[in-house]
Amino acid sequence: MGYRLLADATAIVHFVFVAYVVAGGFVAWRWPRTIWLHLAAFGWGFSTVLFKFECPLTDLENWARHRAGEAGLPSSGFIDRYITGVLYPRSALEEVRVLVVICVVVSWVGLYLLSKRRAAMRLPESRESAS
């Protein structure tokens with residue numbers, strides 16, 4: 001029972017991580033300092049897809065599922081098991097990847113523009129306090 005709970009909790013954390021890779025740049029619109037965490041998450045997430053790096057969350061879930069007497073994830077990993085073919089058709093994988101990259105780039109461009117706007121709004125205040 002404990003290993004099953006650990007495996008399920010790991011899967012939930014994995015879903016949250018994947019969602020953060022996709023939408024974390026938008027979170028940075030509200031909390032700009034979190035962009036560094038998003039850059040790291042995006043870098044890691046896409047490295048696992050592009051370069052086939054092992055994901056420690058996948059390894060942990062597999063370990064816990066095997067200990068619980070269940071089958072682990074397929075060799076293709078978490079995304080292939082829980083997302084591809086479930087949330088979108090397998091035939092749309094490349095299009096979904098492109099949409100994810102577009103979403104991330106839009107969030108980063110938006111953050112850049114918001115940062116410039118915030119800096120411009122603070123500029124008159126600092127000039128007034130200097131006089």
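Quick notes
- Tilt relative to the chain, helix 56-67 - C-alpha long axis, 0 to 90 degrees, to 10: 30 degrees
- Cβ-placed point charges (K, R +1; D, E -1), dipole of segment 1-97 about Cα centre in debye, nearest 20: 180 debye
- Separation of the Ile12 and Ala68 label points, Cα + 7 Å toward Cβ, nm: 1.1 nm
- Within the chain, the longest run free of GluC sites (Glu not before Pro) that sit in a DSSP loop with at most 16 other Cβ atoms within 10 Å is 71-131.
- Karplus (6.51, -1.76, 1.60) ³J(HN,Hα), θ = phi - 60°, over segment 99-112, in Hz, Gly and Pro reported as x: 4, 5, 4, 4, 4, 5, 4, 4, 5, 5, 5, x, 5, 4
- Mean sequence separation of contacting Cα pairs (under 8 Å, at least six apart), scaled by the length of the chain, corresponds to a relative contact order of 34 percent.
- Residues of segment 51-81 with amide N under 17 Å of a point placed 7 Å along Cα→Cβ from Tyr3: 58-74
- A full extension of the chain between Arg118 and Val101 corresponds to an added length of 3.6 nm, given 0.36 nm per residue minus the alpha carbon distance.
Readers should treat all values here as calculations from the given coordinates under stated rules, not as data from a laboratory. Not measured: the values here are computed from a predicted model. Note: ideal-geometry Cβ built from the backbone for every residue, glycine included; neighbour counts use all protein chains shown.
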